[in-house]
Amino acid sequence: PPTNARFQSFSSSGMRAGQTNYILDGIDNNNMQNGAQGRQAETVKPSVDAIQEFKVVTNSFSAEYGRAAGAVINVSLKSGTNELHGTLFEFLRNEKLDAKNFFDSPDDSRPPFKRNQYGFSAGGPILRNRTFFFGDYEATRIRESGTVNNTIPTQQQIRGDFSELLPGTRIYDPDTYSAATGERQPFPGNIIPAGRFDPVGARVAALYPAPNKSGLTQNYLFNPPDPENRDRRDIRIDHTFNCSIQIGIV
C-alpha cells in the first residue's frame, strides 16, 4: 500500500485495497469503518502460530463468496486434537545489525531499535474424541527511535535578533503602520527590542533547545522515541455433538 495508507493491505485484480475480502473461520473479518480508523483492512489479525492454513483467491470466485471485487483471503485457525501440542517462540531484532539512517550523524551511534516478538500456542483434548481446545498468545514490543531533521529558531532569533536572515529580508514593526501609505517600517537591523516581547511568547520561545547543526534551516537533528505494544490472543473450543460413520461399498 502507499505510505500512511488507511488500509494497510494490498491490491488485487486492479481493485483498491478496501476491495479485498477477509474471512476468518468462515466469518466476515473485514473492517467496516468508513474511514478505516483502525488503519487495517481486517478486524482480527491472528498470530502466525495460530493459523492452520490460508487460501488466496483472486478470480473466478465460487458462489459462496461476495462483498468485494478484489481478492478473497480465507484463513482457518488451528484446533485441538486428541494429543497435546504446542509451540513457543521468540523473535529478536535490534540496531546492532541494522544500517544507519542516511540522515543520522556519522559520528553518533545508531538510534536504538529493539523488537521483541514472543508467544506460545497450545491445543489438546478436553474430552477425547468429542471436545477440544486451542489457544495462543503473541506479544510484540517495539522500542524504536526515528530520525527527524527539523528547523528551529537560532539562539539569536530567540533573543529577537534576525540580522542573520538573507539579504533583503525585513522584520516589520506592527506599531509603525501608516494608514496614509498602507506600509509599516522595518525594525532597525532586523532586531526586535526585548521590551517589545510578549511575555507569554518569550516563555514559549525559551523552551526551544539550541540547534545542534549549523545553518538557519534543517538545523536540529533528533531521534524521538516511537514505542509500540501489541498483544494478540485467541481461544477456540471445538465440540462434536454427534458422531456417525458410514461405510460404502462400490
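The values are calculated or read from the model by the stated rules, or taken from the named source; none is laboratory data. Since the structure is predicted, the reported quantities are computational estimates derived from the model, not experimental observations. Here the Cβ positions follow ideal geometry from the backbone for every residue, glycine too, while neighbour counts run over all protein chains shown. Side chains are part of the model used for accessible areas, which takes the heavy atoms of the whole protein and leaves out ligands, DNA and RNA. Shrake-Rupley method; radii C 1.70, N 1.55, O 1.52, S 1.80 Å.
Would you be able to tell me the number of residues in the stretch 19-63 that are over 30 Å from ILE237 (Cα atoms), buried (at least 17 other Cβ atoms within 10 Å of the Cβ) and over 16 Å from the mean Cα position of the chain (by Cα)?
Of the residues in the stretch 19-63, 1 are over 30 Å from ILE237 (Cα atoms), buried (at least 17 other Cβ atoms within 10 Å of the Cβ) and over 16 Å from the mean Cα position of the chain (by Cα).
Please determine whether any residue of the stretch 166-175 is open to solvent by 100 Å² or more (accessible area, probe 1.4 Å), free of Cβ contacts under 8 Å to residues at least 24 places away in the same chain and not in a loop (DSSP other than H, G, I, E, B).
yes
Inspect the stretch 98-111 for any residue being within 30 Å of ASN149 (Cβ to Cβ) and not in a loop (DSSP other than H, G, I, E, B) and give the result as yes or no.
Within the stretch 98-111, none of the residues are within 30 Å of ASN149 (Cβ to Cβ) and not in a loop (DSSP other than H, G, I, E, B).
For the stretch 31-47, give me the residue count where each residue is in contact (Cβ under 8 Å) with a residue 12 or more places away in the chain, of a type outside the set (D, E, K, R) and out of contact with any helix residue (DSSP H, G or I) (no Cβ under 9 Å at 6 or more places or on another chain).
Number satisfying all stated conditions: 6.
Quick one: what pairs do we get from the stretch 117-142, first residue farther than 16 Å from VAL48 by Cα and among the hydroxyl-bearing types (Ser, Thr, Tyr), second open to solvent by less than 40 Å² (accessible area, probe 1.4 Å) and not in a strand (DSSP E or B), C-beta under 9 Å, 6+ apart or different chains?
Listed by first residue and then by second, the contacts come to THR131/GLY80.
Here are the criteria: (1) part of a loop (DSSP other than H, G, I, E, B); (2) farther than 29 Å from GLU95 by Cβ; (3) open to solvent by less than 90 Å² (accessible area, probe 1.4 Å). Tell me which single one GLY201 does not satisfy.
(1)
Could you list, in sequence order, all residues of the stretch 214-224 that are under 15 Å from ASN101 (Cβ atoms) and surrounded by fewer than 16 Cβ atoms within 10 Å (Cβ to Cβ)?
Listed by number, the residues that qualify are GLN218, PHE222, PRO224.
Out of the stretch 112-126, which residues are surrounded by 15 or more Cβ atoms within 10 Å (Cβ to Cβ) and either polar (S, T, N, Q) or assigned to a loop (DSSP other than H, G, I, E, B) (or both)?
Of everything in the stretch 112-126, those that are surrounded by 15 or more Cβ atoms within 10 Å (Cβ to Cβ) and either polar (S, T, N, Q) or assigned to a loop (DSSP other than H, G, I, E, B) (or both) turn out to be GLN117, SER121.
Those residues that are in contact with a Gly (Cβ under 8 Å, 6 or more places away or on another chain), under 30 Å from ARG236 (Cα atoms) and open to solvent by 20 Å² or more (accessible area, probe 1.4 Å), I need them from the stretch 7-16; list them, please.
If the condition is that a residue be in contact with a Gly (Cβ under 8 Å, 6 or more places away or on another chain), under 30 Å from ARG236 (Cα atoms) and open to solvent by 20 Å² or more (accessible area, probe 1.4 Å), then PHE7 is the only one that fits.
ASN190 passes all but one of (1) open to solvent by less than 70 Å² (accessible area, probe 1.4 Å); (2) polar (S, T, N, Q); (3) at pLDDT below 90; which number fails?
Checking ASN190 against (1) open to solvent by less than 70 Å² (accessible area, probe 1.4 Å); (2) polar (S, T, N, Q); (3) at pLDDT below 90, the one that fails is (3).
Determine, yes or no, whether PHE89 is among the aromatic types (Phe, Trp, Tyr), in contact with a Phe, Trp or Tyr (Cβ under 7 Å, 6 or more places away or on another chain) and either under 30 Å from ASN129 (Cα atoms) or open to solvent by less than 30 Å² (accessible area, probe 1.4 Å) (or both).
Against the criterion (among the aromatic types (Phe, Trp, Tyr), in contact with a Phe, Trp or Tyr (Cβ under 7 Å, 6 or more places away or on another chain) and either under 30 Å from ASN129 (Cα atoms) or open to solvent by less than 30 Å² (accessible area, probe 1.4 Å) (or both)), PHE89 qualifies.
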